[in-house]
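The next block holds one structure in the form of structure tokens; read it before the comments.
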């Protein structure tokens, strides 16, 4: 769903169905040519005067049908996810053991899926405002994380979050960093900020370009100023890389479970590849396939950090002093037995 949603935005297909939730009073595509022409005319009226990148101001009927098919697939998949959630809710409530582990997560998931559907409709009806596109993407990532967390809780043999864990704080901070970068990426996609100043590391001739605070308020500059949006996204990426590196270095001094160790090895490679892919996407002028690959790899990064965070919350991670204490415990016990025998 995240991939299809990204393709909708990058291909400019989001406004090809100008109504929500129905399409001219129906859930089905038009059945005749006059119906298609009516939708096309409505589309032209809706996008007239808009300056949204990749959204053509005028289009031929055959191209419009392709755009319509992309957006219709997006909506149909959203409906399937809603029905899948209902099935999941029934299964969860039928099993006391499953409900004890994930009932709260499943209910939260349903609320978010419902909110996401309403937000998607608002994005269309308000003609793709950047901040709502970013929020729509962010909520999609949260939904994914809750599904992943639920699966991990069901697969875990035990759940004990009371252990002292030196990796836990690091992992939550890095997860927050990645989510902020996802939201900033949504702002870039929604505003079209990636299609301007396609140079790196400088933005044109500047590290800090002029015009970042040219709008009347801080809110407008953060959410509507394309120069500011691109600046935040490109340099917060360095913060994410630094956070992942710091977490990985901290983990090197710890004893972690095998799954966590493999995830920590992989996350550094993933974040490096994501950083390089982001730079190449910018330099190439954001072609659709590169932008989509960048978004999906961002989801892989988010999922990997979520896995590390889960293991840091419920798994047994030992620091050097805890490892030393555990190693000394058998010898201390043996000495005690010898003394008692004597």
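Computed packing ranks the peptides 26-32, 6-12 as 6-12, 26-32, most packed first, by mean other Cβ atoms within 10 Å. Gyration tensor over the Cα atoms of segment 105-226: the corresponding equivalent ellipsoid has semi-axes (square roots of 5 times the eigenvalues, largest first) of 34, 22, 11 Å.
One equal scatterer on each Cα of segment 261-314, no solvent, Debye formula: the resulting log10 I(q)/I(0) at q = 0.16, 0.25, 0.29, 0.31 Å⁻¹ is -0.50, -0.89, -1.05, -1.14. Spin-label pair residue 81-residue 206: with each label point 7 Å from Cα along the Cα-Cβ axis, the two points sit 3.8 nm from one another.
In terms of the ratio Rg/(2.2 N^0.38 Å) built on C-alpha atoms, what value belongs to segment 159-342?
Numbers: Rg = 22.5 Å, N = 184, 2.2 N^0.38 = 16.0 Å.
In units of the 2.2 N^0.38 Å rule of thumb, it is 1.41.
Using Stokes-Einstein with the Kirkwood hydrodynamic radius over Cα pairs, what translational diffusion coefficient do you get for the chain at 25 °C and a viscosity of 0.890 mPa s, in µm²/s rounded to a whole number?
108 µm²/s
Value of Rg to Rh for segment 1-73, rounded to two decimals, is 0.94; Kirkwood radius and Rg both from alpha-carbon coordinates. Normalising the Debye intensity of segment 209-276 to I(0), with uniform scatterers on Cα atoms only, and taking log10 at q = 0.15, 0.22, 0.23, 0.28 Å⁻¹ returns -0.62, -0.87, -0.91, -1.13. Taking the C-alpha atoms only, the angle from helix 288-314 to the longest principal axis of the chain is near 30 degrees.
Percent of Cα pairs in segment 1-155 per distance bin of 5 Å, from zero to the largest separation: 1, 8, 17, 20, 16, 12, 9, 7, 5, 3, 1, 0. The alpha-carbon atoms of segment 164-268 define a convex hull whose volume equals 118 cubic angstrom per residue. When each of 136, 44, 294 is scored by the number of other beta-carbon atoms lying within 10 Å, the sequence from fewest to most is 44, 136, 294. Distance from the alpha carbon centroid of segment 17-43 to that of segment 175-253 works out to 38 angstrom.
Full extension from residue 297 to residue 277: what is 0.36 nm times the residue separation minus their Cα-Cα distance, to one decimal in nm? Write down the numbers at each step before the final one.
Working: separation 20, 0.36 × 20 = 7.20 nm, distance 0.90 nm.
The residue 297-residue 277 span can extend by a further 6.3 nm.
Considering helices alone, the calculated mean residue ellipticity of the chain at 222 nm is -25000 deg cm²/dmol, with DSSP H runs of length four and up weighted by -39500 (n - 2.57) and normalised per residue. Helix 33-47 sits at what angle to the longest principal axis of the chain, using alpha carbons and giving 0 to 90 degrees rounded to 10? Roughly 70 degrees between the two axes. Axis angle, to the nearest 10 degrees, between helix 226-251 and the longest C-alpha principal axis of the chain: 20 degrees.
Every number in this text was worked out from the coordinates using simple rules, so none of it is lab data. None of the values given here were measured: they were computed from a predicted structure. Positions of Cβ are generated from backbone atoms using ideal geometry, with glycine treated the same way; all protein chains shown enter the neighbour counts.
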